[in-house]
Every structure is written in structure tokens, then in C-alpha cells.
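The block underneath contains the structure these notes are about, expressed in C-alpha cells.
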Amino acid sequence: MARKKLYDEHGNQVKGKIKKPFYKKVWFWILVLIVVGVATTGGDEEIATDSADDVATESIESTQPKANVEAETTTESESTVEPVVVEEPVEEATSASADDEYQGILDDYTKKLKEAAPILVEEYNAEYPSNQNGLEGLAELSNDKISKLAELSNEGVSEMADVHFTNGSGKYEDYEAWAGKLMEVYMTEAEQITDAYMNSAQ
């Protein structure tokens, strides 16, 4: 078998064998495949590791704010808790106390009116014989005695108004009812002076 003649790139005959370029050899491509495989595997592991770190970091960060929010919410709820004040018994006690005060004023001024009315009737009966102005003079004298009785009644009503504004239930109806009771006493006692006037005018 004849041997092939080998020539170099310039056309000159070369003795011996011409070596293949390294990139045409099998071992080179095997090495390339290994390097690429290692690079690919290493990169994937690094990416996987980075992803795992990111997920872990996000988990920690997302958990921490929630814990802080819960802690802040708990702190706020604890700091804003206030004792419950039961007001109804206080209002009932206040109303009862006001009623006692109203009743005390009513009793006090009822007594004063009942004591004053007969005295004023006696004064009227003692003064009307000297009247020189007829019925008009008698009416004027009668009104003067009744006005003194009215002053007593107005004092009592004024004291009830003070109770209404300071210690009462805040309802005008309550004050009005008690003041009305005192006015009824005044009207009853004032009738004694009116009767005296009617008798003197006959």
C-alpha cells in the first residue's frame, strides 16, 4: 500500500505525519462538554441558592412587619382600654337627691305661706276700715297683701330653679311640676286674702 504524500500549506512535501488541530480532536470536545456541564450545574445551583435566599429574606421581612403590627395593635388596644363608667345609678341617685331637695323646699315654703296668710288677712281687716278710696282702695290694699304672699312663693320657686340647674335631672318638666305644687299652695292661701276683700266690699 503506497503511502500518501503529505504537503504543507505552501505546497512543500513534508516527511512524517501532520498533526490535527487540537479543536478537531475528540478529547477537546469531551473537555468542552465537561466544562459546559459544570458551568451549567454550578450556575443553576447558584441561582437556586440565590432564589432560596431571596425567598427566605422575603419570608422574614413579611413576617416581621406583621409581628410589629400585631404588637403595636396590642399595645394600642391595651393603652386605649378605659374603665367602664356606669352612669345610670348616678343619674338615679342625682334624681332622687334633687327630688329630696324639691320636696324640702316645697315643705319649707308651704309652711311659710300657711303661716303668713292669716297674718296678712288680719292686717287687711285692720287696715281696710280706714280706706278712703272705695272699692278701688280696697282692691289696692288686698293686692298689696297678696303681693307679699307672692314674694314668699317666688322665693321658693327660685330655689327650685337653682336645684333644677345644679342638681336636677335636666328635664324642665320635673322643675315645672315641683314649682306648680308650690304655686297651688300659694293660690290656696291667697284666697284667704281675696275672701277678706270680698267681705269688706259688701
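For every residue, the table says whether it meets (1) part of a helix (DSSP H, G or I); (2) free of Cβ contacts under 8 Å to residues at least 12 places away in the same chain; (3) aliphatic (A, V, I, L, M); (4) touching a Phe, Trp or Tyr at 6+ places or on another chain (Cβ under 7 Å).
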{"position": "Tyr102", "(1), (2), (3), (4)": "yes, no, no, yes"}
{"position": "Tyr109", "(1), (2), (3), (4)": "yes, no, no, no"}
{"position": "Lys114", "(1), (2), (3), (4)": "yes, no, no, no"}
{"position": "Glu122", "(1), (2), (3), (4)": "yes, yes, no, no"}
{"position": "Met160", "(1), (2), (3), (4)": "yes, no, yes, yes"}
{"position": "Tyr175", "(1), (2), (3), (4)": "yes, no, no, no"}
{"position": "Trp178", "(1), (2), (3), (4)": "yes, no, no, yes"}
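None of Lys148, Lys181 is under 15 Å from Asp107 (Cα atoms), modelled with pLDDT of 90 or more and surrounded by 13 or more Cβ atoms within 10 Å (Cβ to Cβ) except Lys181. For Leu135, the test of being more than 16 Å from Ala98 (Cβ to Cβ) and modelled with pLDDT under 90 is passed. Count of region 180-202 residues, restricted to those that are within 51 Å of the chain's Cα centre (by Cα) and in contact (Cβ under 8 Å) with a residue 24 or more places away in the chain, is 5.
Among the residues of region 137-158, write down those that are closer than 30 Å to Gln202 by Cα and in contact (Cβ under 8 Å) with a residue 12 or more places away in the chain. Of everything in region 137-158, those that are closer than 30 Å to Gln202 by Cα and in contact (Cβ under 8 Å) with a residue 12 or more places away in the chain turn out to be Leu138, Ala139, Leu141, Ser142, Lys145, Ile146, Lys148, Leu149, Ala150, Leu152, Ser153. Put simply, of Glu189, Glu87, Glu92, Glu122 the only residue that is at pLDDT 90 or above, open to solvent by 40 Å² or more (accessible area, probe 1.4 Å), of a type outside the set (A, V, I, L, M, F, W, C) and out of contact with any Cys (no Cβ under 8 Å at 6 or more places or on another chain) is Glu122. Across region 97-119, the number of residues qualifying as open to solvent by less than 70 Å² (accessible area, probe 1.4 Å) and more than 17 Å from Tyr186 (Cα to Cα) comes to 3.
The values are calculated or read from the model by the stated rules, or taken from the named source; none is laboratory data. Keep in mind it's a predicted model, so treat the numbers as computed, not measured. Don't worry about glycine lacking a Cβ; one is built from the backbone with ideal geometry, like all the others, and counts go over all protein chains shown. The protein model used for the area step is the full one, side chains on, heavy atoms only, and it has no ligands, DNA or RNA in it. Shrake-Rupley method; radii C 1.70, N 1.55, O 1.52, S 1.80 Å.
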